[in-house]
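All remarks here apply to the structure that follows.
No value in this document is a laboratory result; all are computed from the given coordinates. As the structure is a computational prediction, the values presented were derived from the model and not from experiment. Backbone-built Cβ (ideal geometry, glycine too); neighbour counts: all protein chains shown.
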Amino acid sequence: MIYGYIRVSTRDQNTDRQFIALKEYGIKPENILTDKMSGKDFNRPAYRRLLKRIHKGDCLVIKSIDRLGRNYKDIIKQWQYITKEIGADIKVIEMPLLDTSQHKDLLGTFVADMVLQILSYVSENERINIKQRQAEGIAAAKERGVRFGRPTTYDVRQYAPIFARVKAKELSPKQAMAEIGCCQSTYYRIQRQLKTA
């Protein structure tokens, strides 16, 4: 049996390119499993289902090594688990050297292992770089005054008289929450926003 595995990092990302590549390889759509999750680890529902379905003699096909994951040690560990413990083959479409069904001799295994380690390292390094660029982008945006999080749908200043009454001990925070009609976390968020308004 031939299985295909697709992974993208977020729900917004498109899986079409990977799906088309796997379908062109001859994999039936019902044997293609998809996760829309980060590649930082292998705790993914479709990947876990794949491991339960794949058996000795089967083949797992992925478009590129980073679709399997982005954690160097875990990629190596999963690769060995599938190929050695389960006894299935793995084929990486974009890297023909990573095809355990073709390179079973000692030299082929050695070359595949070296390529796998290099690509796994590159994949994890790219994940680290993406996180760093993202953090730098967020910091730069905050410096420019860009606000993150859910947009405020109310003007906090309208609640200033209620908070003045709380400060004067005319109302308890609980009574103020009931008057505003909000939960505790929203109450304290409004309170913080009023201090900076």
| query | Of Cys183, Cys59, how do they rank once you tally other Cβ atoms within 10 Å and put the fewest first? | reply | Cys183, Cys59
| task | Mind sorting Val166, Val92 by how few other Cβ atoms lie within 10 Å of their own Cβ, fewest first? | result | Val166, Val92
| query | Once every DSSP H run of n ≥ 4 in the chain is given -39500 (n - 2.57) and the sum is divided by its residues, what mean residue ellipticity at 222 nm do you get, rounded to the nearest 500 deg cm²/dmol? | reply | -15500 deg cm²/dmol
| task | Could you tell me which label, among (i) 62, 37, 30; (ii) 88, 38, 29; (iii) 82, 34, 28, carries the value of Cα extents along the principal axes in Å calculated for this structure? | result | (iii)
| note | When Thr196, Thr83, Thr186 are ranked with the fewest other C-beta atoms within 10 Å first, the list becomes Thr196, Thr186, Thr83
| task | Name the long-range amide H neighbours of Val61: under 5 Å, sequence gap of 5 or more, or other chain; modelled H, no Pro or chain starts. | result | Tyr3, Gly4, Tyr5, Lys91
| Residue-by-residue Karplus 3J(HN,Hα) for the stretch 42-50, coefficients 6.51, -1.76, 1.60, Hz, glycine and proline x | 10, 7, 10, x, 5, 5, 5, 5, 4
| remark: Sorted by chain and then number, the residues having a modelled amide H within less than 5 Å of the amide H of Ser101, at least 5 places away or on another chain, are Ile90
| field | Exposed trypsin sites (Lys or Arg not before Pro) absent - longest run of the chain, DSSP non-H/G/I/E/B, at most 11 other C-beta within 10 Å | value | 57-103
